[in-house]
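First up is the structure itself, then whatever we jot down about it.
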Amino acid sequence: TGMAGYTRKIYNAKVVGVDPGKDIAVLKVDAMVSDLSPIDIGESSGLRVGQGVLAIGNPFGLDHTLTSGIISGLGREIKSPAGRPISNVIQTDAAINPGNSGGPLLEAKTGRLIGMSTAIFSTTGSSAGIGFAIPIDSVKYIANTLIRDGRVIRPVLGVSLLESKQAKALGISR
């Protein structure tokens, strides 16, 4: 047993797809539909700085942890673990620590899902009051693409420069 009124269960799951560039994965849980209670999904397009939020996660292995705060900023850009920029992220002062990644960021008034916690800015490795979440509108798009295709393909533009010795070796004189 877990929290009052809830029974903890363990389910098998398989990876449907991953997007390391945006730090998102989709898992398919092997469970009866009657065992699941889906969360109400909100929108991130109308969010405002100062709006109350709640973050749920397992910081430092402490499961079922709830923290509260506000939206501190919108339209921020951070780097994913894969080194790619994640743009338009939500900045919050709700305590987010290692172990919160992948957890929900909720609107405090409605309890609706508005983002997915992904990173913190810290010089110590612990919360410094600067946490980041991927907006739910982005999560929905990427999750639907992963479910449909198993992967997300992004165009990349690359430019390489050759030193004059390398160019001459390849027969390029101008």
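Observations, loosely collected:
- The range 71-120: number of residues that are surrounded by 16 or more Cβ atoms within 10 Å (Cβ to Cβ) and under 16 Å from ASN58 (Cβ atoms): 17
- Test: residue in the range 44-64 that is of a type in the set (D, E, K, R), closer than 28 Å to ARG151 by Cβ and either at pLDDT 90 or above or open to solvent by 50 Å² or more (accessible area, probe 1.4 Å) (or both): no
Each row is one residue, and each column tells you yes or no for (1) among the β-branched types (Val, Ile, Thr); (2) touching a Leu at 6+ places or on another chain (Cβ under 6 Å).
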residue	(1), (2)
ASN88	no, no
PRO104	no, yes
MET116	no, no
PHE121	no, no
THR124	yes, no
ALA133	no, yes
LYS140	no, no
ASP149	no, no
SER173	no, no
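- Pairing residues of the range 7-34 that are open to solvent by 90 Å² or more (accessible area, probe 1.4 Å) with residues that are in a helix (DSSP H, G or I) and of a type in the set (Asp, Glu), at Cβ distances under 9 Å and at least 6 apart in sequence or on separate chains, gives LYS9/ASP35.
- ILE90 being in contact with a Phe, Trp or Tyr (Cβ under 9 Å, 6 or more places away or on another chain), farther than 17 Å from LYS109 by Cβ, at pLDDT 85 or above and aliphatic (A, V, I, L, M): no
- Residue within the range 160-167 that is open to solvent by less than 70 Å² (accessible area, probe 1.4 Å) and not in a loop (DSSP other than H, G, I, E, B) present: yes
- Strands (runs of 3 or more DSSP E) enclosed by the range 1-113 - at least 1 residues per element that are more than 19 Å from LYS140 (Cβ to Cβ): 13-19, 52-57, 65-79, 85-92
- Cβ-Cβ distances below 8 Å connect the following pairs, each with a first residue in the range 134-156 that is part of a helix (DSSP H, G or I), a second residue that is open to solvent by 70 Å² or more (accessible area, probe 1.4 Å) and polar (S, T, N, Q), and a separation of six or more residues or different chains: ASP137/SER45; SER138/ASN88.
The values are calculated or read from the model by the stated rules, or taken from the named source; none is laboratory data. The model shown is predicted, which means the values in this text are computed figures rather than measured ones. FYI the Cβ positions are ideal-geometry reconstructions off the backbone, even for glycines, and counts take in every protein chain you see. Ligands, DNA and RNA are stripped out before the accessible areas are found, and what is left, the full protein with its side chains, is counted by its heavy atoms. Shrake-Rupley method; radii C 1.70, N 1.55, O 1.52, S 1.80 Å.
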